[in-house]
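Only one structure is covered here, and it is reproduced in the block below.
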Amino acid sequence: MLGSSHVDPGEVINQSPPYENVDLYSSDQALQAAVIANGAGDQSAALSVFGRHWGTTDMFAAARLANENPPKLETYDARGLRRDVVAFHPAYHQFMHESIGAGLHAMTWRADGTRADAPAEVARAARYYMVAQVENGHMCPVTMTRAAVAALSASAELRSRIMPKIVSREYDPGFRPWSDKAGMTLGMGMTEKQGGTDVRANTTRAEASGDGYLVTGHKWFMSAPMCDAFLVLAQAAGGLTCFLMPRFRPDGSVNGLHFQRLKDKVGNRSNASSEVEFADAFAWRVGEEGRGVRTIIEMVQLTRLDCAISSAGLMRMALVQALHNARHRTVFQRHLVDQPLMRAVLADLALDCEGALALTMRVARAMDLGGTDRSEALRARLLIPAAKYWICKIAPAFCYEAMECIGGNGYVEDSVLARLYREAPVNAIWEGSGNVVCLDVLRALAREGEPAQALLADLRREAADLPGIDATADFVARCLSGGAAEAGARAAVEGLARIAAAAALKQSAPGVAEMFSRARLFERHGAAYGSVVMESDLQTWLLERTLPVQ
Ligand SMILES: Cc1cc2nc3c(=O)[nH]c(=O)nc-3n(C[C@H](O)[C@H](O)[C@H](O)COP(=O)(O)OP(=O)(O)OC[C@H]3O[C@@H](n4cnc5c(N)ncnc54)[C@H](O)[C@@H]3O)c2cc1C
């Protein structure tokens, strides 16, 4: 007989409920404020519909499925015929359908390939930020498709031919020539075995043939291999050149792209990244021979912006998961969120989350305005790589700290944190690794000369009166002067990004700007999150702002 004091081993107490069925927009005050401050306030209702949909239990479940069932390469069919296709889990296709249906792959372009009116970039960035909180792998082809249009502007005729398929909001995963499809996606192949940064060392060759070129060689990384066409770099007679290589030749036969393997990756597992060989693969030239890097760099700027937005989104989801758990979990008769040291960690994380969001939305605004405003174009040119560097670099440590806030549950695969943590490093590595983007900022600053100095002065003015701005701006200027800047580039670019984040916060979240600047620019703290000392009232305000108590 069991006595009344028996403890039911199946009873579960003191576990937090899942964080799902939330409106990712309306529950995020920082995002709403940044959207308004950057000119997209009229999108609020639509963004809330979007945020509610992406925050449903079903979407979180689909994200898990898409990542637990990674894509498979099907090199041959049952009869031994070459196929070179990749099979994805239906959940991956569901995400592609959702994101393309929402226009995230093309909403910043008009049907003729020119830039859509403001606030297209900000409206897209807000949506991308919410998607990144749920599933990132499928955003690789979405990002590349939207970014490729910038490179295609070097070949107006080609661009006008394929643009109707790109702006289509229909996701068509069929393996058919792009011209027969309802919509198309684009990928990119630059990296070869002997070099990813130094693409001028590419050995892949292209020979003019008929209406196009025949390309022979390889790419060591080429993600989203089921895209309908790829921008690739290859050596033509006139030097390194950009090409558009379709999966099918113009005569309808399967083109010579032979996938060797799919990468077995740390994270980003719902997305496929291939090793590919080109055997006389047909391609159209994009831009002039010898100007391949110049042509494709137009695309890279946009993919870098998406890396920054993606990492900011990963940080947001990591933080709200940690805060949600801390509000429900009791340790020593007190909710974790009321334990002073846990509050210090969460509030410290919240500062970087706010800074990262404000900066990405401000650079999206600069993209929106850059077509007609040269100073905004320069702001985007300099601050996109700086934002990519700072935000993508801090995201892995940020996700790890949020994981630790959840304790053991954070470290197991059932937890969203495990996936966020494994996803985070890739944004720093691809599209210009840390050192490469820092050197890029340095080069751009040197090349732009006076207008670049004017931008630094603008940032200083916008962030005026915030603690630590002047000293940091002087430090950045010192790092950049005297021609010996290369070794100091990381310190300078991080300083630049933090000043820009403070300036952006001053516009969208003035209360947070002061706290961010004090903690990140004025005072010195330990390397780990949680060593910033903040008044308790401010912590309470910041955490309530991060995620309102239900
Ligand atoms: C999951 C995944 C998917 C990818 N998908 C694609 C894709 O679709 N298409 C594509 O083309 N590529 C893709 N890549 C490749 C990626 O862009 C490259 O890995 C990246 O550009 C770095 O090139 P690398 O690996 O050859 O490293 P390297 O070029 O050897 O660089 C190694 C390190 O050296 C640093 N470095 C380079 N130059 C300097 C310098 N002058 N001073 C100081 N440090 C320096 C870099 O920052 C880097 O940290 C993908 C990579 C990953 C991980």
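Check Arg83 against each of (1) surrounded by 11 or more Cβ atoms within 10 Å (Cβ to Cβ); (2) at pLDDT 95 or above; (3) among the charged types (D, E, K, R) and name the one condition it does not meet. Every condition holds for Arg83 apart from (2). Close Cβ contacts (under 6 Å, 6 or more residues apart or on different chains) running from residues in segment 430-454 that are more than 11 Å from Leu378 (Cα to Cα) and within 11 Å of the ligand (Cβ to nearest atom) to residues that are at pLDDT below 90 and not in a helix (DSSP H, G or I) comprise Leu442/Ala485. When Ala150, Ala116, Ala126 are checked against the criterion of being surrounded by fewer than 20 Cβ atoms within 10 Å (Cβ to Cβ), of a type in the set (A, V, I, L, M) and farther than 14 Å from Cys227 by Cβ, Ala116 stands alone in meeting it. Residues that are among the acidic types (Asp, Glu), under 18 Å from the mean Cα position of the chain (by Cα) and more than 17 Å from Ala356 (Cα to Cα) do not occur anywhere in segment 400-422.
Residues in segment 422-464 that are in contact with a helix residue (DSSP H, G or I) (Cβ under 8 Å, 6 or more places away or on another chain) and in a loop (DSSP other than H, G, I, E, B) were compared, and the one that is surrounded by the fewest Cβ atoms within 10 Å (Cβ to Cβ) is Trp430.
Among the conditions (1) in contact (Cβ under 8 Å) with a residue 60 or more places away in the chain; (2) under 26 Å from the mean Cα position of the chain (by Cα), Pro510 misses just one, which is (1).
Can you tell me which residue is nearest to the ligand (Cβ to nearest atom) among those in segment 471-487 that are within 14 Å of Arg498 (Cβ to Cβ) and surrounded by 15 or more Cβ atoms within 10 Å (Cβ to Cβ)? Let's see the steps before the verdict.
Start the filter on segment 471-487 by keeping residues that are within 14 Å of Arg498 (Cβ to Cβ), which leaves 471-476, 479.
When the remaining residues are screened for being surrounded by 15 or more Cβ atoms within 10 Å (Cβ to Cβ), the result is 472-473, 475-476, 479.
On the way: Thr472: 23, Ala473: 25, Phe475: 21, Val476: 19, Cys479: 16 Å.
Among those residues, the one meeting the criterion is Cys479.
Annotation note: Cβ proximity below 8 Å between a residue of segment 190-218 that is under 17 Å from Ala236 (Cβ atoms) and a residue that is assigned to a loop (DSSP other than H, G, I, E, B) and near the ligand (Cβ under 9 Å from one of its atoms) (sequence gap 6+ or interchain) occurs for Met190/Gly196; Val199/Met190; Val199/Thr191; Ala201/Gln194; Asn202/Met190; Thr203/Gln194; His218/Lys193. Counting only helices (runs of 4 or more DSSP H) that sit wholly inside segment 1-80, those with at least 2 residues that are at pLDDT 95 or above, out of contact with any helix residue (DSSP H, G or I) (no Cβ under 8 Å at 6 or more places or on another chain) and of a type in the set (D, E, K, R) are 57-68. For segment 105-119, a residue qualifies if it is over 14 Å from Ala147 (Cβ atoms) and either among the β-branched types (Val, Ile, Thr) or out of contact with any Pro (no Cβ under 7 Å at 6 or more places or on another chain) (or both), and the qualifying residues are Arg110, Asp112, Thr114, Ala116, Asp117, Ala118, Pro119. Set side by side, the residues Asp280, Asp264 differ, and just one is under 22 Å from Lys193 (Cβ atoms), more than 10 Å from the ligand (Cβ to nearest atom), in a strand (DSSP E or B) and out of contact with any Lys or Arg (no Cβ under 9 Å at 6 or more places or on another chain), which is Asp280. Gly252 meets the conditions (1) over 21 Å from Tyr171 (Cβ atoms); (2) within 13 Å of the ligand (Cβ to nearest atom) in every case but one. The failed one is (2).
Inspection of segment 182-202 identifies no residue that is modelled with pLDDT of 95 or more, over 27 Å from Lys263 (Cβ atoms) and in contact with a strand residue (DSSP E or B) (Cβ under 9 Å, 6 or more places away or on another chain). A search for C-beta distances below 7 Å between a residue of segment 31-47 that is closer than 15 Å to Gly355 by Cα and any residue that is aromatic (Phe, Trp, Tyr) and buried (at least 18 other Cβ atoms within 10 Å of the Cβ), counting only pairs 6+ apart in sequence or on different chains, returns Leu31/Tyr25; Leu31/Tyr129; Gln32/Tyr25. When the helices (runs of 4 or more DSSP H) confined to segment 93-205 are screened for residues that are within 16 Å of the ligand (Cβ to nearest atom) and within 19 Å of Arg247 (Cα to Cα), those reaching at least 2 such residues are found at 139-152.
Taking first residues from segment 220-233 that are charged (D, E, K, R) and partners that are in a strand (DSSP E or B) and more than 9 Å from the ligand (Cβ to nearest atom), the Cβ contacts under 9 Å between residues at least 6 apart in sequence or on separate chains come to Asp228/Leu186; Asp228/Pro246; Asp228/Phe248. Does at least one position in segment 339-349 carry a residue that is in a helix (DSSP H, G or I), in contact (Cβ under 8 Å) with a residue 40 or more places away in the chain and under 22 Å from the mean Cα position of the chain (by Cα)? So far as segment 339-349 goes, yes, one or more of its residues are in a helix (DSSP H, G or I), in contact (Cβ under 8 Å) with a residue 40 or more places away in the chain and under 22 Å from the mean Cα position of the chain (by Cα).
The values are calculated or read from the model by the stated rules, or taken from the named source; none is laboratory data. Predicted model only: the values in this text are computed from it and were never measured. All Cβ positions, even for glycine, are placed from backbone atoms using ideal geometry, and neighbour counts span all protein chains on display.
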